[in-house]
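K.L.:
Got a structure here, written out as structure tokens. Questions coming.
The values are calculated or read from the model by the stated rules, or taken from the named source; none is laboratory data. Quantities reported herein were computed from a predicted structural model and do not represent experimental measurements. Methodologically, a virtual Cβ is constructed for each residue, glycine included, from the backbone with ideal geometry; neighbour enumeration extends over all protein chains shown. To get the accessible areas, we keep the full protein, side chains included, count just its heavy atoms, and leave off ligands, DNA and RNA. Shrake-Rupley method; radii C 1.70, N 1.55, O 1.52, S 1.80 Å.
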Amino acid sequence: MDYNIFKSPLRHFIKAKINGGAVLLFVAAAAMIIANTPLRESYDAFFAKEVILQFGDINLFHVHGGNMTFMSLINDALMAIFFFSVGLEIKREILVGELSSPRKALLPVVAACGGMLVPILIFSLICPESPASRGAAIPMATDIAFSLGVLSLLGKRIPLSLKIFLTTFAVVDDIGGIIVIGAFYSSNLILEYLLWALGIIFILWIGGKAGINSKLFYIFFGIVVWYLFLNSGIHPTIAGVIVAFTVPARPKLNIYKYVGEIRASLQKLPETADMANNKYMLSNSERAILRHVESASDKVISPLQSMDDNLHPLVNYMVMPLFAFANASISFEHFTLADIEGVTLSVFIALVLGKLLGIFSFTWLAVKSKLLNMPEHMDARSLLGVSMLGGIGFTVSLFIANLSYAGLPDIGPTLLNQAKLGIISGSVFAGLADNSYDAYIGLIVGTGTNMATFIPADKIEKLDQSCNAHGLIPVNLESGNFHPPFLTAVDDTVDAISGNPGKQRFEKAVSGMYLGDILKTAFPLEEFEEKFDAQKLTSIMNYPDIYKDVYVQVAQWIYGRSAQLVAASLTGLIMLLKSYNKDIRKVCLVAEGSLFWSENRKDKNYNILVMEKLRELLQLFGLEDIEVDIKSMNNANLIGTGIAALS
């Protein structure tokens, strides 16, 4: 069987997870804000409302003698859809992905085992007493959406093999979490419901083997299995995973047969439209041909791939955000420093330190012992970074925290609140702890222009040695002892008429406050307004029909030259940093400013021009091995930009 016909591209999967992570971050922050405002009571009352879906005498949301609340509907029903999606992803990975062969799967599996066992051990050592110890499984999970989202911030220089490694061991983490949920968070089993559920699962399995590819078949009986699990005592989310494994991965129509049928059908259609007869309506035969093409297209995509693709938007943009909004609220009312001890501290340390030690040590030992090979383009440094990202637990960690503490009388809400704080703080710390850059440069190109970086204290000649400064010192380069190339007679004129001739040549040549002087010097017409800034400059370029051609040409010249000057200045600064530290390979440029992020609708934007010229100059000066990533930061002053980037 050619499994490539239903394999979902890994890049699309990763992109969906990254976007979903941004949504999760927003709703989680909203939930935490609401939990500490007067809206808290309305928030709690909303999720405590009962939910009823009745067909005759059967209420689908009735369980153990009572109706489900909106909170339990999210945690028990909607999260079953999430775990169904997880099950589809796991099955796909087993068939054609990184779990399809021992050679591919073994190293991520080893990493995942370390990432599960060590955090559980650390939690148990720090918090050994019951009932708090019930949450030992909380730090074992890795949130794929958040971790891939953080990894994506590092740009294209992150090799695909690293993203695949992270995704794969996170999937194995999910498998471990599913096993834990099924084994330790199910209780009061009712055998009758369980037997009926197993019978329906058998029917689904037979249907898959018999070639039933109707998605409605698996959805209907999947809901039945979920209802039976809900009432059997086994956590209903497990039903989602089990049903997912019964969904067929084999399409009904072979891709090669499909291509043949489509070609044959298309040949029956007229090659040119009958415009002479104004034929805009299709004939019965044409409609029949197109319906056949549509039907064949449905049959060539397997139910597994089709359902997996269709569920991603639902899961990423509805199910997971709803879950986060309902479960990420942390109340700081009556919260004291003493509350940080116990569950909060245990979860935090287990996620941050336990995940790092577990993933890195297990993987490193497996590679050093030559039992397994490190993936291509990965080394110990990148492994350390991805091991830290493994500590982003969030979704499944919050889910297990609810299972661990929500049902406990009296102390349950307190322990759950502490666990949430540990999960979110640990996940945030793990996401922010990346140290993948060797140097940082802060840049502002707007009304004013500034540049900042960090330079070793012993290299700064003007630094007063009595201050006993050591290490990297933030340095502001706006003073203007900076004379980049590409300066012309225009700049000499602008400098001469300024209030501080001989100083700040870089700022005078680049920043928005001097654009009017530059333009009037290059094109001396009195009709130009006195006030002229970056917005006016880009307006001339973006709306050339309104302005004279010569104005547009001069505006484009200033725009491009300014970008060249910034690129040249950055090149000089990188060369300076390289002279201090020959090991510098990766530089992070954190930039802000109205000019730097301006839009040129007729040509390349300013930031693109800067980066293109920067790469050209780095190659010219033999620094092509330097990788520069650019990030945006708004409303930051110069030193603040640099320090925020470094932190």
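K.L.:
Quick test of your reading of the structure: THR69 fulfils all but one of (1) in contact with a helix residue (DSSP H, G or I) (Cβ under 6 Å, 6 or more places away or on another chain); (2) in contact (Cβ under 8 Å) with a residue 24 or more places away in the chain. Name the failing condition by number.
P.N.:
Status for THR69: all satisfied but (2).
K.L.:
Give me a count of the residues in the stretch 623-647 that are among the charged types (D, E, K, R), at pLDDT 75 or above and not in a loop (DSSP other than H, G, I, E, B).
P.N.:
The first filter runs over the stretch 623-647 and keeps only residues among the charged types (D, E, K, R), leaving 624-625, 627, 629, 631.
Narrowing further to those that are at pLDDT 75 or above: 624-625, 627, 629.
If we keep only those that are not in a loop (DSSP other than H, G, I, E, B) too, we end up with 627, 629.
Of the residues in that region, 2 qualify.
K.L.:
Filter the stretch 365-379 for residues that are hydrophobic (A, V, I, L, M, F, W, C) and touching a helix residue (DSSP H, G or I) at 6+ places or on another chain (Cβ under 7 Å); which is most open to solvent (accessible area, probe 1.4 Å)? Even if it seems obvious, please write down each step before you answer.
P.N.:
The first filter runs over the stretch 365-379 and keeps only residues hydrophobic (A, V, I, L, M, F, W, C), leaving 365-367, 371-372, 374, 378.
Keeping just the survivors that are touching a helix residue (DSSP H, G or I) at 6+ places or on another chain (Cβ under 7 Å) gives 366, 372, 374, 378.
On the way: ALA366: 12, LEU372: 29, MET374: 51, MET378: 19 Å².
Of everything passing the filter in the stretch 365-379, MET374 is most open to solvent (accessible area, probe 1.4 Å).
K.L.:
What are the residue pairs meeting all of these: first residue in the stretch 577-588, first residue under 12 Å from GLU627 (Cα atoms), second residue of a type in the set (Ser, Thr, Tyr) and surrounded by 15 or more Cβ atoms within 10 Å (Cβ to Cβ), Cβ atoms under 7 Å, and 6 or more apart or on different chains?
P.N.:
Partner pairs satisfying both residue conditions: LYS586/SER436; LYS586/TYR437; VAL587/TYR437; CYS588/TYR437; CYS588/TYR440.
K.L.:
State all residues of the stretch 560-583 that are open to solvent by less than 10 Å² (accessible area, probe 1.4 Å) and either hydroxyl-bearing (Ser, Thr, Tyr) or in contact with a Lys or Arg (Cβ under 6 Å, 6 or more places away or on another chain) (or both); if no residue qualifies, say none.
P.N.:
SER562, ALA567, SER569, THR571
K.L.:
Quick one: what pairs do we get from the stretch 597-618, first residue farther than 18 Å from LEU577 by Cβ, second surrounded by 13 or more Cβ atoms within 10 Å (Cβ to Cβ) and of a type in the set (Val, Ile, Thr), C-beta under 6 Å, 6+ apart or different chains?
P.N.:
SER598/THR538
K.L.:
Which of the residues spanning the stretch 39-68 are aromatic (Phe, Trp, Tyr) and open to solvent by less than 70 Å² (accessible area, probe 1.4 Å)? Working first, answer last.
P.N.:
Initially, the stretch 39-68 is screened for residues aromatic (Phe, Trp, Tyr), giving 43, 46-47, 55, 61.
Those that are aromatic (Phe, Trp, Tyr) and open to solvent by less than 70 Å² (accessible area, probe 1.4 Å): TYR43, PHE47, PHE61.
K.L.:
Considering only the stretch 337-390, give the helices (runs of 4 or more DSSP H) lying wholly within it that have at least 3 residues that are at pLDDT below 85. I'd like the intermediate steps shown before the answer.
P.N.:
Details: elements: 343-349, 355-368, 380-389.
Of the helices (runs of 4 or more DSSP H) lying wholly inside the stretch 337-390, those with at least 3 residues that are at pLDDT below 85 span 380-389.
K.L.:
Assuming CYS588 fulfils every condition listed in (1) farther than 17 Å from ILE444 by Cβ; (2) in contact with a Phe, Trp or Tyr (Cβ under 6 Å, 6 or more places away or on another chain); (3) not aliphatic (A, V, I, L, M) apart from one, which condition is it?
P.N.:
(1)
K.L.:
So if I check each of ASP298, ASP309, which one is open to solvent by 50 Å² or more (accessible area, probe 1.4 Å), part of a helix (DSSP H, G or I), at pLDDT 80 or above and charged (D, E, K, R)?
P.N.:
Going through ASP298, ASP309 in turn, the sole match is ASP309.
K.L.:
Are any of the residues in the stretch 407-427 at pLDDT below 80, in a loop (DSSP other than H, G, I, E, B) and of a type in the set (D, E, K, R)?
P.N.:
The answer is yes, given that some residue of the stretch 407-427 is at pLDDT below 80, in a loop (DSSP other than H, G, I, E, B) and of a type in the set (D, E, K, R).
K.L.:
Among the residues of the stretch 208-231 satisfying the criterion of being in a loop (DSSP other than H, G, I, E, B) and among the hydrophobic types (A, V, I, L, M, F, W, C), which is surrounded by the fewest Cβ atoms within 10 Å (Cβ to Cβ)?
P.N.:
The residue in question is ALA210.
K.L.:
Same structure, new question: How many residues are over 22 Å from the mean Cα position of the chain (by Cα) and surrounded by fewer than 24 Cβ atoms within 10 Å (Cβ to Cβ) if we restrict to the stretch 354-364?
P.N.:
Count: 4.
K.L.:
Pairs under 7 Å by beta carbon, first residue without any contact (Cβ under 8 Å) to a residue 60 or more places away in the chain in the stretch 362-385, partner part of a helix (DSSP H, G or I) and of a type in the set (S, T, N, Q), six or more apart or different chains?
P.N.:
The qualifying pairs are LEU383/THR363.
K.L.:
Taking the options LEU106, LEU117, LEU95, name whichever one is within 15 Å of GLY177 (Cα to Cα), open to solvent by 10 Å² or more (accessible area, probe 1.4 Å) and touching a residue at least 60 places away in the same chain (Cβ under 8 Å).
P.N.:
Values: LEU106 fails: within 15 Å of GLY177 (Cα to Cα); LEU95 fails: within 15 Å of GLY177 (Cα to Cα).
Answer to the selection: LEU117.
K.L.:
Inspect all residues belonging to the stretch 395-407 and state whether any of them is more than 17 Å from ILE181 (Cα to Cα), open to solvent by 30 Å² or more (accessible area, probe 1.4 Å) and over 18 Å from the mean Cα position of the chain (by Cα).
P.N.:
Of all residues in the stretch 395-407, those more than 17 Å from ILE181 (Cα to Cα) come to none.
No: zero hits.
K.L.:
If you don't mind, another one. Check whether at least one residue in the stretch 123-139 is modelled with pLDDT of 85 or more and not in a helix (DSSP H, G or I), and report yes or no.
P.N.:
yes
K.L.:
Quickly run through the stretch 69-87 and pick out the residues that are open to solvent by less than 10 Å² (accessible area, probe 1.4 Å) and within 12 Å of ALA326 (Cβ to Cβ).
P.N.:
ILE74, MET79
K.L.:
Where the second residue is at pLDDT below 70 and the first is more than 15 Å from PHE394 (Cα to Cα) and lies in the stretch 131-154, which pairs have Cβ atoms under 8 Å and are six or more apart or on separate chains?
P.N.:
LEU151/ILE158; SER152/ILE14; SER152/ILE18; SER152/ILE158; LEU154/ASP434; LEU154/SER436
K.L.:
Follow-up question, since we're still on this one. Go through the stretch 584-622 and report how many residues are surrounded by fewer than 17 Cβ atoms within 10 Å (Cβ to Cβ) and either more than 29 Å from the chain's Cα centre (by Cα) or assigned to a helix (DSSP H, G or I) (or both).
P.N.:
9
K.L.:
A further question follows. From TRP205, TRP196, grab the single residue that is open to solvent by 60 Å² or more (accessible area, probe 1.4 Å), of a type in the set (A, V, I, L, M, F, W, C), at pLDDT 85 or above and more than 21 Å from ASP76 (Cβ to Cβ). I'd like the intermediate steps shown before the answer.
P.N.:
Working: TRP196 fails: more than 21 Å from ASP76 (Cβ to Cβ).
After applying the criteria, what remains is TRP205.
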